[in-house]
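Asker: Once you've had a glance at the structure underneath, I'll fire off some questions.
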Amino acid sequence: MTTTLADLWHRSGRAARDDRKRLLCLYAVLATPPTLLLAGLVSRLLTGSDLALGGLRRPIDYVVAPVRDAWMHDDVLGALLFVLVAAVFLAVPWGILGGAVARMAAVDLAAGRREAPRDAVAFARRHARGFVGAKTVLWAGALLPAALAMLAALLARLPGALGTAGSVVAVVVVPALALVAVVAGSLGALAAWVAGPTIAAEDSDAFDAVSRVYSYAAAGLPRLLGVRLVFLGGVLLGASWRLLRTVATALVAGIALQAGAGRERFDAWLAALRSVGSGGSVPVGDLLPGLLLAAVAAGLVALWLADLAARVICGRMGAYLWLRQRVDRVPTDRLRTSPAGPVFQDAEAAGFVEVARIGVPTKRPTR
């Protein structure tokens, strides 16, 4: 069955308006901040830097600090290490939970039925190595050549004749590695989104996912980019409307709080929040409402991000199904699923037939 691009575009938008998909994406969004904090902690351990646990009171600064400090101290390798660690760590929650949402979207768009979240999560857990491994390989494909190029450039710092020979080697090797990093990074930025839908729709592994990223890019990069932009437009259209509602809700709530509690009390709550980050002492009467206010604001943002993530995943699945139809000539309603248990064949398919059908007597002849 041939499905038009417009049909998949509309069906992807409808599939994203599923609260079960949004709930799984919300779990992934809530898991992102502690995952980034853990990545910052691990990257500090790997580089031998100070853990600076006191900076956890300012979580955004704690996450950004490894990259900022490494860049300011001319330690680009340290910055790349943090990016790679953060990418690998984030691939775990988004690989499993995002993979479950991708499977639900694949079943919805291809088979026209709703997959139970429990079954989708079980599918994602069975393919966790594929979802996580594909993301890790694609990130490493861009970051490792860049890191090797920087290591090769260090040869020029050797003293004397060794430095001269190292400079010659660096001038030859670094551009080649830089080219590999640019090609891998650009293809990953344009086509890496194909990996997740491949595993969700084809019931495959990381090797197939990464291979299909490059094969679809080779089959027509402008077409791949065009399809992605078409579905991205639908994602932004739906997410922008929800963002306007979120901003309007926060604005009306803020005006109502200031009008009811008073401007001075409202400013005291905000000052209490700022004091928490700087380590100052604040009255409990101002701190508790301030923390609740921050929690409500963070909840509104998290709900919008969950809706955005659900729309992105469903849009990617719709774009993938259309590309698969154009490149591989596979109908969009075909969905591969491994059997949950062993496959049993009937007797005839297994090679057994009735004895009477092959002309062998079933009882001893009489004399």
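Asker: Please determine whether any residue of the stretch 222-240 is hydroxyl-bearing (Ser, Thr, Tyr) and within 29 Å of LEU81 (Cβ to Cβ).
Answerer: Of the stretch 222-240, the ones hydroxyl-bearing (Ser, Thr, Tyr) are 240.
From what's left, within 29 Å of LEU81 (Cβ to Cβ): none.
No, the conditions are met nowhere in the stretch 222-240.
Asker: Within the group ARG334, ARG326, which residue is surrounded by fewer than 18 Cβ atoms within 10 Å (Cβ to Cβ) and in a helix (DSSP H, G or I)?
Answerer: ARG326
Asker: Now for a different question. Can you tell me which of (1) touching a residue at least 40 places away in the same chain (Cβ under 8 Å); (2) crowded, with 18+ Cβ neighbours inside 10 Å is the one THR249 doesn't meet?
Answerer: Failed condition: (2).
Asker: Something else about it: Select, from ASP18, ASP69, the only residue that is in contact with a Lys or Arg (Cβ under 8 Å, 6 or more places away or on another chain) and not aromatic (Phe, Trp, Tyr).
Answerer: Of the residues listed, the single one that is in contact with a Lys or Arg (Cβ under 8 Å, 6 or more places away or on another chain) and not aromatic (Phe, Trp, Tyr) is ASP18.
Asker: Assess whether ARG265 counts as being at pLDDT below 90, farther than 25 Å from VAL132 by Cα and loosely packed, with under 13 Cβ neighbours inside 10 Å. Can you show your working first?
Answerer: Numbers: at pLDDT below 90: yes; farther than 25 Å from VAL132 by Cα: yes; loosely packed, with under 13 Cβ neighbours inside 10 Å: no.
In short, no.
Asker: Say we look at the stretch 1-59 and pick out the residues that are within 26 Å of LEU236 (Cβ to Cβ) and small (Gly, Ala, Ser); which of these is surrounded by the fewest Cβ atoms within 10 Å (Cβ to Cβ)? Quick ask: steps written out before the conclusion?
Answerer: Going residue by residue through the stretch 1-59, those that are within 26 Å of LEU236 (Cβ to Cβ) are 3-33, 35-36.
Those left that are additionally small (Gly, Ala, Ser): 6, 12-13, 15-16, 28, 31.
Values: ALA6: 9, SER12: 26, GLY13: 18, ALA15: 25, ALA16: 28, ALA28: 24, ALA31: 16.
The extreme case among them is ALA6.
Asker: Counting residues that are among the hydroxyl-bearing types (Ser, Thr, Tyr), which helices (runs of 4 or more DSSP H) fully inside the stretch 122-238 reach at least 2?
Answerer: Ranges flagged: 160-191, 206-219.
Asker: Right, here's the next one. Going through the stretch 122-135 one residue at a time, which ones are buried (at least 19 other Cβ atoms within 10 Å of the Cβ) and not aromatic (Phe, Trp, Tyr)? Quick ask: steps written out before the conclusion?
Answerer: We begin by selecting, within the stretch 122-135, every residue buried (at least 19 other Cβ atoms within 10 Å of the Cβ); these are 123-124, 127, 130-135.
Hits for the stretch 122-135 are ALA124, HIS127, GLY130, VAL132, GLY133, ALA134, LYS135.
Asker: Checking VAL235 against (1) more than 30 Å from ARG125 (Cα to Cα); (2) modelled with pLDDT of 90 or more, which test does it fail?
Answerer: (1)
Residues are listed down the side, and each one gets a yes or a no for (1) hydrophobic (A, V, I, L, M, F, W, C); (2) closer than 17 Å to LYS135 by Cβ:
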| site | (1), (2) |
| --- | --- |
| THR47 | no, no |
| ASP50 | no, no |
| GLY55 | no, no |
| TYR62 | no, no |
| MET72 | yes, no |
| ALA87 | yes, yes |
| ALA106 | yes, no |
| LEU109 | yes, no |
| ALA116 | yes, no |
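Results for (1) more than 21 Å from the chain's Cα centre (by Cα); (2) crowded, with 17+ Cβ neighbours inside 10 Å, shown as yes or no for each residue.
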| site | (1), (2) |
| --- | --- |
| VAL85 | no, yes |
| ARG118 | no, no |
| GLY141 | no, yes |
| ALA146 | yes, yes |
| LEU158 | yes, no |
| ALA161 | yes, no |
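Asker: While we're looking at this one, here's another question. Looking for whichever is in contact with a helix residue (DSSP H, G or I) (Cβ under 8 Å, 6 or more places away or on another chain) and more than 30 Å from TYR320 (Cβ to Cβ) here; the options are VAL101, VAL76, VAL85. Which one fits?
Answerer: It is VAL76.
The values are calculated or read from the model by the stated rules, or taken from the named source; none is laboratory data. Small disclaimer: the values here were computed from a predicted structure and weren't measured. In this analysis, Cβ positions are derived from the backbone assuming ideal geometry, glycine residues included, and neighbour counts consider all displayed protein chains.
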